[in-house]
Amino acid sequence: MVQLSTSVYLLGGLLGLLLSPVRMAPTPASMCTPLKTLNDSLSHRRRYMKHNFPIAYTIKVHQEEVFKLSNINRMRLQVEGLDELVLQRLWFQVNQGVLKKIIQVMPERHPSRPYATELERRFRDVEGVFVQSHPAELFQQELPETIQEIWDNLTEESDRVPESSWRLASPKSLLDNFCHTMHCLFSECFASTEAQQDYCAVSHWRKGRKKPSHPES
């Protein structure tokens with residue numbers, strides 16, 4: 001059974017979608033405004049999470065917090081009939097920890113601290129709408145074994161996590177993952193007027209680096 005704290009109710013590729021269908025859940029319309037506001041903040045991540053840090057600066061995070069599009073696509077392959085809401089819940093749990101760790105390494109007067117704390121506030125706004133938009137019973141349901149293992153690892157006390165389970169990652173790369181996976185899991189809120197975009201494809205974000213209209217990557 002999922003272990004939920006009072007502060008957290010929450011807990012890719014085309015081939016994966018073909019081989020192991022995902023039960024897609026429509027994103028509640030009420031989530032789109034706070035998600036787009038969060039996305040606006042993420043569009044400034046290069047300035048605040050790269051330029052204001054030393055070159056090659058990294059922080060220690062749990063290996064599960066290096067949460068990429070490839071992780072989502074792999075889980076879709078491994079878990080038959082995986083409900084999209086399960087992945088969304090996991091996304092909140094992962095990025096709660098990511099934001100907390102980024103803020104913890106910054107002194108009070110660090111030039112990027114106000115940005116990071118505002119980003120966390122906007123993330124909490126989205127989280128609150130997510131919880132309110134779904135029945136409470138949803139958050140009491142058992143998770144698939146593969147997802148439950150990841151969740152348990154994420155919620156393990158830091159002093160009990162083996163050294164081999166920690167990874168070094170730059171604040172910028174963590175927020176890149178945050179942004180890309182957000183678009184993948186809540187794609188309905190970021191629908192483009194151009195040809196339909198596959199936000200879960202790594203190639204989409206590689207092409208996006210050359211197009212200012214896309215969020216920074």
| query | Within segment 142-164, can you find the residues that are more than 18 Å from the chain's Cα centre (by Cα), surrounded by 13 or more Cβ atoms within 10 Å (Cβ to Cβ) and not aliphatic (A, V, I, L, M)? | reply | PRO144, GLU156
| What is the number of the single condition among (1) assigned to a loop (DSSP other than H, G, I, E, B); (2) among the polar types (S, T, N, Q); (3) more than 23 Å from ARG76 (Cα to Cα) that SER164 does not meet? | (1)
| SER112 versus (1) at pLDDT below 95; (2) of a type in the set (Ser, Thr, Tyr); (3) buried (at least 18 other Cβ atoms within 10 Å of the Cβ): which is the lone unmet condition? | (1)
| note | Just one listed residue, out of ILE72, ILE55, is under 17 Å from CYS200 (Cα atoms) and either β-branched (Val, Ile, Thr) or within 18 Å of the chain's Cα centre (by Cα) (or both), and it is ILE72
| Can we say GLU163 is over 20 Å from PHE92 (Cβ atoms), of a type in the set (Asp, Glu) and modelled with pLDDT under 80? | no
| query | Here are some conditions: (1) among the aromatic types (Phe, Trp, Tyr); (2) surrounded by fewer than 18 Cβ atoms within 10 Å (Cβ to Cβ); (3) touching a Ser or Thr at 6+ places or on another chain (Cβ under 8 Å). TRP91 meets all but one. Which one does it not meet? | reply | (2)
| Residues in segment 40-85 that are touching a Cys at 6+ places or on another chain (Cβ under 8 Å) and more than 24 Å from THR27 (Cα to Cα): how many? | 1
| Do you know which residues across segment 138-159 are assigned to a helix (DSSP H, G or I) and at pLDDT 90 or above? | GLU145, THR146, ILE147, GLN148, GLU149, ILE150, TRP151, ASP152, ASN153, LEU154
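The values are calculated or read from the model by the stated rules, or taken from the named source; none is laboratory data. If you're wondering where the values come from, they're calculated on a predicted model, not measured in any experiment. Cβ sites come from the backbone with ideal geometry, for glycine too, and all protein chains shown count toward neighbours.
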